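Below: the structure, in structure tokens.
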Amino acid sequence: MKKTTIPSLACIILLLSAISCVSPKKYRELQITSRQNMMDRDEFKAENIRLQMLNRELDNNASALENEIKEMKYRLSTAESERNRAREDLSIVESRLNDMQNAHQDLIRGNVNETKKLLAELISTQENLRQKENILRELETSLDLKKISLDELTYELEKRNARMAELEKILDAQKKLVQDLKGKVSEALLGFENNGLSIAARDGKVYVSLDEKLLFRSASWDIDANGRKALRNLAEVLERNPGIQITIEGHTDNVPYNPGNSQLKDNWDLSVKRATTVVRVLLEGSRIRPERLTAAGKGEYAPLDLNNTPEARQKNRRTEIILTPDLTELYKLINKY
């Protein structure tokens, strides 16, 4: 028993020593990073599922059109067969009519009763011939209509296939644009990630989330030097990408804002004030066109964590900068059809 107990105690002591080397702050940062990575993974999965559903819907539409074309080709083949049979019947009737006309000429000088009988049969055959001709004309008209319908279905299928290919091309281009933008932003803010700043791509946009501690003091909307540096680095990327629309959202926790004699009334005012402050810092000394920016205050009503704990409230106090690529071409294609 002693031989097995001593090594076990040593292992436990070593494990406790290793754990004690990780500070609580570092451990929380690792937890936040892990949760962010999981959120990014789930968002990519959701985007992938959405694109797969769109692609599956287009595939189903194309398959339905192909089935309609097969059915129309079958009907066209059937109509052509009926027309050919009608032509054969018509040829037989015409041959019989000629024979009867020749026989009538031979018998014209013979028995009168036989002549009347042949004349009646001749009239009946002529009527039958007219009916066959009418049927043939109807079949040919129907055949022409079926050919027109088949051509229209084929053209519609080609249009849908072209639309699908063009849509996939634009979606791939938009996805690459978002990933490239995320990479540029990550490179510009390399020193700030995991230090109160996170970057994620979802729903065709890039989200830059900045913790309150990176930009503002508690209950304040003045940005410190470190926060200004991060925003200036981001502004340089935005200057080089003029097609990106920029939305700044201010978020607070659910603790009532009560600064005494402040010009602000509540968390709504504070979140809006922080958003407009970020807008002004991004515009200072930059060539970013003001019409590209939108400032919005969400107050306490879009929390990341619903738990009523200090950690959850700290996570909810943030500023989000949402970068939206130009989707004009994609919307034009969608509206075109």
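Using a ≥ b ≥ c from the Cα gyration tensor of the range 113-154 (square roots of the eigenvalues), is it rounded, prolate or oblate, where a/c under 1.5 gives rounded and otherwise the larger of a/b and b/c decides, a/b for prolate?
Prolate is the answer for the range 113-154, as a/c is 1.5 or above and a/b outweighs b/c.
Could you please tell me the mean projected area of the C-alpha convex hull for the range 189-336, averaged over all directions and given in square nanometres to one decimal?
Its Cα hull, projected and averaged over all orientations, spans 10.1 nm².
Just how large is the dipole of the range 189-336 about the Cα centre, in debye to the nearest 20, putting +1 at every Lys and Arg Cβ and -1 at every Asp and Glu Cβ?
The calculation lands at about 300 debye.
If R₀ is 35 angstrom, what is the calculated FRET efficiency for the pair E88 and E121, using the beta carbon separation as r and rounding to 0.05?
The computed FRET efficiency comes out at 0.95.
If you wrap a convex hull around the Cα atoms of the range 213-297, how much volume per residue is inside, in Å³?
Enclosed volume per residue, from the Cα hull, is 95 Å³.
Calculate the dipole size of the chain relative to its Cα centre from +1 charges on Lys and Arg beta carbons and -1 charges on Asp and Glu beta carbons; express the result in debye to the nearest 20.
1840 debye
Which order do M38, M72 fall in if you start with the one that has the fewest other Cβ atoms within 10 Å?
Fewest-to-most Cβ neighbours within 10 Å comes out as M38, M72.
Less than 12 Å Cβ to Cβ from I244, Lys/Arg counted +1 and Asp/Glu -1: what total charge do the surrounding residues give?
+3
Note the listed values (1) 1.03; (2) 1.45; (3) 0.94, then indicate which one is Rg/Rh (Cα atoms, Kirkwood Rh) calculated from this particular structure.
(2)
May I ask you to sort I248, I288, I170, I148 by Cβ crowding, counting other Cβ atoms within 10 Å and putting the fewest first?
With the sparsest Cβ surroundings first, the list reads I148, I170, I288, I248.
Quick note: the coordinates plus some simple rules give every number you see, no bench work behind them. In this text the structure is predicted, and so the values were computed from the model without any measurement. Note that we place each Cβ from the backbone using ideal geometry, even for glycine, and neighbour counts take in every protein chain shown.
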